[in-house]
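Let me begin by presenting the structure, written as structure tokens, before commenting on it.
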Amino acid sequence: MVFSYLLSTPGGLAPRPAPAACYYSYSSAPCRARLVAGGRGGRLRCQAQGGARDVDGHYIRRCVELARTAAGHTSPNPMVGCVIVRDGRVVGEGFHPKAGQPHAEVFALRAAGDFAENATAYVSLEPCNHYGRTPPCSEALIKAKVKEVVVGMTDPNPIVASKGIEKLRGAGIDVRIGVEEALCLRLNEAYIHRMLTGRAFATLRTTLSMNGIVMDQIGSGADQPGGYYSQLLKEYDGIVISSNMAKTTALPISREAGAKQPLYIIIAQGEDSKLHIPFLHEDSVSNAIVLADSPVTVQPAGVSISVLDQMSLDSILQLLSERGLCSVLVDFRDAGGSLASLLNNFQEDKLVQKVILELSPVWMPSPGPSNLAFGGSQSFPLKNVEHKEVNGTLLLEGYVQ
Ligand SMILES: [Zn+2]
């Protein structure tokens, strides 16, 4: 999740639920559980008590927590976590670290070794059943002779879609589905959106003054380690910015430990034939693309340039999805720039899924009418709105229906 206090990925503003860590502060776990000594290697293992539903929910929440470890690294794959439990003890844990690497179940089964036999495997997303870059996890679970599999949610990917569950059941394994489903859905909201629509999940971010003027500054500390903006950049696959911002401002970077920096998607509309991006180093040109409405030469050389027949947010989000991006942050900083026209009907066309608004306690000179005169012709409420005050600014987040 974005900020350390975020609930989902990418982007929730609510405090995260208390971590259900087995090896760490287990006393904060929401379910009835206690620390027990033992397990392989003499580490502390957790043992949950209470009804089966409590136990299932507890371990799926742990799966989600593990999965989030790889936030920003797994696209176009989903984030997935897996926990293997036998006789009430965790014998293996794993998560999918990045595309091309083994899946969560593989790491967890490896850690469990022979202890996987007759164990319960918890996994936040349905195990795959197809040969990709790794063999199917359904087969690995069957081979390891697990007794039960508890699945957070089925996989919307048509090449998985319940086939993994059918395979497990066909092998005589008891499968329970839909445990902590809402949490699992939110964890992979971007992956799911891309899978269902063929477009990247888009979040519009902007900073407003108290009198509603779009600002080109972000809040104090927001771009520092642990700041909301730094964490957003870690979790989103790409950031859409105007050519004006690219020409005048240092390209935003995440300062989170181990963060993979987002792809810079620079929108050049009505540009001169030359676009100079002064803050882009020559050795990182592969981390930026320019989408233009007419032929343009870019400095530094080597930046990928696509001239689009139709400069629309729809076509841009499709193009980014084809490049394997699940999520993009549309960073709206200059009202007169090239992004406003792309956002004209974002609600009616279902092109923006989430809005993050930073409200700064500043009164700005007003250049004219509203800076955010786009979105659609009808009013609409945002859903699941959350808010938080950080360093004197108010952060609001809501989903667009
Ligand atoms: Zn798999």
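Among the residues of segment 113-137, just one is more than 9 Å from the ligand (Cβ to nearest atom), over 28 Å from residue 88 (Cβ atoms) and more than 24 Å from the chain's Cα centre (by Cα), namely 131. If the condition is being within 12 Å of the ligand (Cβ to nearest atom) and under 18 Å from residue 62 (Cβ atoms), then segment 99-112 contributes 103, 104, 105, 106, 107, 108, 109.
Let's see how each residue does on (1) more than 16 Å from the ligand (Cβ to nearest atom); (2) among the basic types (Lys, Arg); (3) outside the structural domain of residue 241 (by the TED database):
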site: 168; (1), (2), (3): no, no, yes
site: 175; (1), (2), (3): no, no, yes
site: 181; (1), (2), (3): yes, no, yes
site: 184; (1), (2), (3): no, no, yes
site: 202; (1), (2), (3): yes, no, no
site: 210; (1), (2), (3): yes, no, no
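For segment 230-241, the count of residues that are within 22 Å of the chain's Cα centre (by Cα) and surrounded by fewer than 20 Cβ atoms within 10 Å (Cβ to Cβ) is zero. Within segment 193-220, if we keep just the residues that are out of contact with any Asp or Glu (no Cβ under 9 Å at 6 or more places or on another chain) and crowded, with 18+ Cβ neighbours inside 10 Å, the residue that is nearest to residue 242 (Cα to Cα) turns out to be 202.
Here residue 365 fulfils each of the conditions (1) surrounded by 13 or more Cβ atoms within 10 Å (Cβ to Cβ); (2) within 20 Å of residue 215 (Cα to Cα) apart from (1).
The values are calculated or read from the model by the stated rules, or taken from the named source; none is laboratory data. All figures in this text were calculated on a predicted structure; none of them were measured in a lab. Note that we place each Cβ from the backbone using ideal geometry, even for glycine, and neighbour counts take in every protein chain shown.
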